[in-house]
Amino acid sequence: MAVSTATVSFLNGERAVVVLVVARILFSLPSSLLFHGVSLSLLLLAALFLEIRAEISSSLPTVFNARPGASSGILLGAVALPAVMLSKLILLRRAYLLHEIEPEELEHITMQYWATSASCCGVLIFLWIILWRESRNVHPSSSRGIWEPKFSLSCILLYAALCLVSLATISHTGLNAALKWLWILFHGFASVKLIQHLLCTFPYCASIGLSSFNFFPFKDEAKDKEQPTSADYIPVQPFLYKYDVRSEISIIIQGVLLGLLLVPLVFKFVLHVYRRSFGKSCSERGTDNEIVKSLIFFSSLGFILLTIVPSWMQFVQDFNQHPLLWVITFVFSEPFKRLSLCVYWVCLIYASVLRFYNISRKSKMERILLRKYYHLMAVLMFLPALIFQPKFLDLAFGAALAVFLVLEIIRVWRIWPLGEIIHQFMNAFTDPRDSCLMLGIHFSLLLGCALPIWMSFGFNDRPLSPFAGVLSLGIGDTMASMVGHKYGVLRWSKTGKKTVEGTAAGITSVLAACSLLLPLLASTGYILTQDWLSLLLAVTASGMLEAYTAQLDNAFIPLVFYSLLVL
């Protein structure tokens, strides 16, 4: 009976779907990317056995305060981003054989793959050390119960050797290979420090696997390649987006996000100096102190965004125009289309948020179902813009992410006068899974829709890949939850809430949306080569992952769907 239980535990649904996705990617792998495929397989094996060991471990729950109700998610977190980058590498390999891109672009994506996988590998090494210490404490004179960590360490060491060999093949000199190796090691170390800081600073906001989901390079480095076209969108396949504008948008987004990450540090430092200088008077003036705190915050925010960020963009990225002026010029280059889209978004957001907020206060509807209406709102907002104004949508995603970050900082720090208002508003849409200092559900929905679009920069011969987030989250996840909640009877597991009826509805709705979307894209000029069998596999795999995973699926499902679509 013990063996049967162990077998069932080893072959749960989430792991089976992850293995299926990786196997699909490896099946499409050309011989020139053999090292990359073997390294991904080693990461999968190491993560699989570490996750199994973590299930019976007593150390990880005490080290990390993970998201309640979620499994460790080590396997999914360790292979999701490397799988996506390997799919992107396969895509660009096809482009290179068609002479659509230069060798430097292929090498750049190769380095991104190794940096991403090294980040995940660094987290696995960190977890292996914790499990190894536990095994030494529990079994100091015996090797019983530690074969999983030992096997995982062997996979990690083989992965490191493969990484060295691969870097040596794309490097011109030994010094060049060493520098690349050090750069990749830095990403692994930074990932470990980031996961520690995230789970310690914001307890219960994420699982271990979701926390390792922390490195994602989306910058388009091909900014010097010129595509002489005046079209805002090039709807032919294979197609190349206009590189110069795309790269400028990417630089602006990265600069703004970097500045916003510095805001809490600068604000905390200035506030500390102020309190040290005027400590007694601060304690005597409660209301005035909150006003001063608010002034310090908004002054720090404005100084960083209007001064520090443009300076960084000018000296580091060679961006010679103030980003605010560039954005205004870009928007008014096609004022009717883009301003009309802005008005449409503002009206839709205002009406939807006001309606859903009133429902959340007066209705007994479950919060998780109420939040699915925001998924539908994402379809209404992003789908028209993605078809007709994709570059402007890129910029809008960056602006929305920046606004979300600012509002979350204001909410966490309780900045007067908006902090408490935002906190009460956000609490109307939370459920027990969000009982933490930082709320990430809105970030995950936005990034789930944005990342497939950002990753579709440059060559892309699969028309549906940019729509991966909108289709999987806005349509598939929403229909699965609503149908499953109302009509679901057969559950996938005894402990879970996901139903067979809901999963079937999600898969069917995505396939129906694809059947409507493909003719629409064809009418705009696409040359469609979509393989319906591969599409069915991609939709089914993402639907089954949504059914089985206990992780925050907004973060994983779009990228898993994207990685299968580009194949």
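The values are calculated or read from the model by the stated rules, or taken from the named source; none is laboratory data. Just so it is clear, the model here is predicted, and its values are computed rather than measured. Cβ placement follows ideal geometry from the backbone for every residue including glycine, while neighbour counts extend to all protein chains displayed. The area values use the complete protein model at the heavy-atom level, side chains included, leaving out ligands, DNA and RNA. Shrake-Rupley method; radii C 1.70, N 1.55, O 1.52, S 1.80 Å.
The residues packed around ARG94, meaning those with a beta-carbon under 12 Å from its beta-carbon, carry a net charge of +1 if Lys and Arg are +1 and Asp and Glu are -1.
Contour minus end-to-end for LEU265 and ILE422, with contour as 0.36 nm per residue of separation and end-to-end as the Cα-Cα distance?
On the way: separation 157, 0.36 × 157 = 56.52 nm, distance 2.15 nm.
Extra length available between LEU265 and ILE422 comes to 54.4 nm.
With the whole protein complex present, GLU55 retains an accessible surface near 100 Å², based on a 1.4 Å probe.
Only one residue of SER523, LEU536, THR499 has its Cα farthest out toward the positive end of the dipole of segment 469-567, where Lys and Arg carry +1 and Asp and Glu -1 on Cβ, and that residue is THR499. On the basis of the beta-carbon distance and an R0 of 60 Å, GLU107 and SER277 show a calculated FRET efficiency of 0.70. The candidates VAL560, VAL292, VAL316, arranged from most to least accessible area with a 1.4 Å probe in the full protein assembly, appear as VAL316, VAL292, VAL560. Each part gets one Cα centre, and for segment 467-546 versus segment 90-111 those centres are 30 Å apart.
So for LEU407, LEU533, LEU295, LEU521, what's the accessible-area order with a 1.4 Å probe, most first?
Values: LEU407 70, LEU533 130, LEU295 110, LEU521 0 Å².
Largest to smallest exposure gives the sequence LEU533, LEU295, LEU407, LEU521.
When the pairs LYS88/LYS372; LYS88/LYS391; LYS337/LYS498; LYS88/LYS486 are compared against a 32 Å limit on Cα-Cα distance, LYS337/LYS498; LYS88/LYS486 fall above it.
Would you list CYS342, CYS155 from the most to the least accessible area, probe 1.4 Å?
Details: CYS342 45, CYS155 10 Å².
Highest to lowest solvent-accessible surface, that is CYS342, CYS155.
Computed with every protein chain present, the accessible area of HIS485 is close to 100 Å² [probe 1.4 Å].
Taking the solvent-accessible surface of protein heavy atoms with a 1.4 Å probe, what is the per residue accessible area of segment 460-567 in Å²?
38
In this structure TRP416 has an accessible area near 130 Å², from a 1.4 Å probe over the protein heavy atoms.
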